Each structure stands twice: as C-alpha cells, then as structure tokens.
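To keep things clear, I will list the structure first and then write my remarks on it.
The values are calculated or read from the model by the stated rules, or taken from the named source; none is laboratory data. Here the structure is a predicted model, which means the values were calculated and not measured. Don't worry about glycine lacking a Cβ; one is built from the backbone with ideal geometry, like all the others, and counts go over all protein chains shown.
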Amino acid sequence: MKKYINAIILLFLLFFCAGTIPAYGLHSEDDIVNMLVPKPKVRGVDTSGNDQPSVTFYLQFGLNSAELTPESIDQLRLLGNGLQRGELRNYVFKIEGHTCDLGNDNENLILSRKRALSVKKYLIDTFAIPAQQLETQGFGENRPAVSNTDEDSRKKNRRVVILNTLKTFKSRPRKAYREYKCKKPYYIGLYAIPQ
C-alpha cells in the first residue's frame, strides 16, 4: 500500500511540477540577471578568485556549424531580455565560445569564435544591444569545463559563456539626422540652406 501512495505522490509531483523544474543548462530571465549582476564586496573577505559574474549556456549548434538552432534562440531570447534590464545596461559583456575535443585544434578555435560571433549578431539584430557592449572570444577546446571522456561530457564542453567584464558601458546618444547629415550650409542670398 505504501508503494502505491509513493507512486501516486511521485506522479502528482511530476505531472503538476514539470514546468517549474528547469532543464539542464536552461536559465530563467531572473536567474540570468542575478548571475550577471556584480555582487557587493565584503570587507575582510578574500575575493582573490574569479569575481566576474558569468552564466553558461549549453547552446545547440549544428555539427561544425555556427548557425543557431531554435532551442538556442529560445535561451538567447531570455539573455537578450535580461541584458536590457537596468541592472545590466551599463556593463560590457564578453561572449566566450568553447568546443569539445573532436576535430582539429585550429578548426575548433575558429568554430568557437564563429559561434561567439553568431550569438553577438543575434543579440545585436534582435535586441538592438550596441555592438560596443559585447566582446567576443573563442577558446576552442583549450578550456574544457569537464574532461572529454564521453559524449555527455563533450556536450558540456560545447558551450557559450557570458561574462560580465565589470567595465562600464556608456551608451552614446545618436546624433540627430540633421546634425549628422547637414554639416556645412551653403548660402543663397541671405538665407543659409543646409545640404
């Protein structure tokens, strides 16, 4: 009887709570913001480690491709919304691309750079995030998260890391069309006519 009760409870939890349990490597928009916002420094506490806030995305790409899949775009949509929030708007972010150990070292390095650039391009095109606010770097297979022993660990190494560089970003307001286009007026009679 006890086994049946436990099975019913388990089915109840799986059925009603399935949407609230995040899948592996998926983050909510609030989680992304919380992971990228710098933490206040505490006096007397050693913070000699890496204190740059970051979030890791296990994005799906095609084999030897930098083209984003629909699953990746869903995750990047949450990232783009998070980067537009006030808490993160004034920081510069680095997009780091990583690959597993399959293939040539040079090809993996180039592929990781292309993947980081495709994430940057998506964020710029979709969310109008200024290009100067996003830096990219590819590491290839040089910085694995785990050892490349089997396919599951290789999937963990095919990743994109978003890192808050803690550099401040000051957005420059765009010049009005008139100021930008009309630099020198020419004169007809007494009136100046902009070019």
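A few remarks follow.
- Some residue of the range 175-195 being modelled with pLDDT of 80 or more and surrounded by 11 or more Cβ atoms within 10 Å (Cβ to Cβ): no
- When restricted to residues that are at pLDDT below 85 and farther than 16 Å from L59 by Cα, the range 148-166 contains 2.
- Residue within the range 77-100 that is among the β-branched types (V, I, T) and closer than 14 Å to S54 by Cβ present: yes
- Selection from the range 51-99 of residues that are more than 19 Å from K167 (Cα to Cα), outside any strand (DSSP E or B) and aliphatic (A, V, I, L, M): L59, L63, A66, I73, L76, L78
- Residue check, Q75 modelled with pLDDT under 85 and under 29 Å from E107 (Cβ atoms): no
- Any chance I124 is surrounded by 15 or more Cβ atoms within 10 Å (Cβ to Cβ) and free of Cβ contacts under 8 Å to residues at least 24 places away in the same chain: yes
- Total residues in the range 132-152 satisfying the condition of being farther than 13 Å from L83 by Cβ, under 17 Å from the mean Cα position of the chain (by Cα) and in a helix (DSSP H, G or I): the figure is 1.
- Checked against (1) in a loop (DSSP other than H, G, I, E, B); (2) of a type outside the set (D, E, K, R); (3) modelled with pLDDT of 55 or more, A23 meets all criteria but (3).
- The residue of the range 26-66 that is farthest from the chain's Cα centre (by Cα), among those that are modelled with pLDDT of 70 or more and of a type in the set (V, I, T), is V37.
- Any pair with Cβ under 8 angstrom, 6 or more apart, that starts in the range 91-118 at a residue that is in contact (Cβ under 8 Å) with a residue 60 or more places away in the chain and ends at one that is basic (K, R) and part of a strand (DSSP E or B): Y91/K167; V92/K167; H98/R159
- The lone criterion from (1) assigned to a loop (DSSP other than H, G, I, E, B); (2) buried (at least 20 other Cβ atoms within 10 Å of the Cβ) left unmet by L102 is number (2).
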